[in-house]
1. Return the whole-Å distance between the Cα centroid of the range 1-37 and the Cα centroid of the range 163-219.
2. Modelling each spin label as a point 7 Å along the Cα-to-Cβ direction, I'd like the TYR104/ASP135 distance in nm, to one decimal.
3. Apply the Debye scattering formula to the range 60-115, with a single equal point scatterer on each alpha-carbon and no solvent, then give log10 I(q)/I(0) at q = 0.24, 0.30 Å⁻¹.
4. Evaluate E = 1/(1 + (r/R0)^6) for GLU151 and TRP57, where r is the Cβ-Cβ distance and R0 equals 35 Å; express this FRET efficiency to the nearest 0.05.
5. Looking only at the chain, where both bridge partners belong to it, what percent of the DSSP beta bridges are antiparallel (to the nearest 5)?
6. Hey, could you grab the Kirkwood Rh for the range 3-214? Inverse mean 1/r over distinct alpha carbon pairs, Å, one decimal.
7. Work out the FRET efficiency for SER81 and GLU194 from their Cβ-Cβ distance, taking R0 = 35 Å, and round it to the nearest 0.05.
8. So if I take the alpha carbon set of the range 1-116, get Rg, then get Rh from the Kirkwood formula, what is the Rg over Rh ratio?
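The values are calculated or read from the model by the stated rules, or taken from the named source; none is laboratory data. Note that the coordinates shown come from a computational prediction; the quantities given were computed from them, not determined experimentally. Here the Cβ positions follow ideal geometry from the backbone for every residue, glycine too, while neighbour counts run over all protein chains shown. Each accessible area value is taken on the protein alone, full model and side chains, heavy atoms only, with ligands, DNA and RNA left out. Shrake-Rupley method; radii C 1.70, N 1.55, O 1.52, S 1.80 Å.
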Amino acid sequence: MIVYAADHGKYMTLADSFRRQPEGKRNVYINLTNRCTCNCTFCLRGLKHMGEEETLWLHGKEPTVEEVKKELDQVPWDRISEAVFCGFGEPTERLDDMVELLRYIRKTHPEIPTRVNTNGLSDLAYGRDTSGDFDGLLDTISISLNASNAERYLALTRSRFGIQSFDAMLDFAVRCKAHVPHVVLTVVDHVESEEEIEKCRKICEERGLTLRVRPYEAN
Ligand code: SF4
């Protein structure tokens, strides 16, 4: 699935979602890639039995921007609360394509809030400051903080960029504040202890960032 809905950890087409629950608005999620610069110990991509979640795995090839736009044109936008770039992989692996799609949503449906869920490592991936790419296009960026220090972060994420990843992710988050109204850092509740979560909270407070302790989902 490229464009999908989520309900209590289950992923489905928007049509199925509205069949199951006709009332109310919901988020639309956009799945661009299976690729990621991390290999988190808790990532669904690494689990053997993905069951229904397999529907998010992009078999064959990644969708083109035009293919995604075509799917977006079918979305019942008056029933959508937020458009979220997420999925089984890291959306910034296709940064330029995602920015083009964000621009498309802004142009065609400026009333819809937009969000990107990311590992926050795009500066390392592209060797430049990528925070400005989202300027004026994105309402919320949700960045996986994962841990309170570089060693723990690397042990959990197994980032291909090594020990520098934690500091680079935090620098990216701070720079995003100039371009994105809501910058949220997240930590997964069942992976970290209360003590570790408190340390994460302090890191965020010191930098004027919001921490969200969340249940695990694909990204
Ligand atoms: S949890 Fe997210 S950042 Fe970690 S490997 Fe999976 S897709 Fe990548």
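1. 25 Å
2. Result: 2.4 nm between the two label points.
3. Treating every Cα as an identical point scatterer, log10 I(q)/I(0) equals -1.10, -1.52.
4. For R0 = 35 Å, the calculated efficiency reads 0.65.
5. 20 percent
6. 17.8 Å
7. On the way: r = 31 Å, r/R0 = 0.89.
FRET efficiency, SER81 to GLU194: 0.65.
8. Reported Rg/Rh (Cα atoms, Kirkwood Rh): 0.95.
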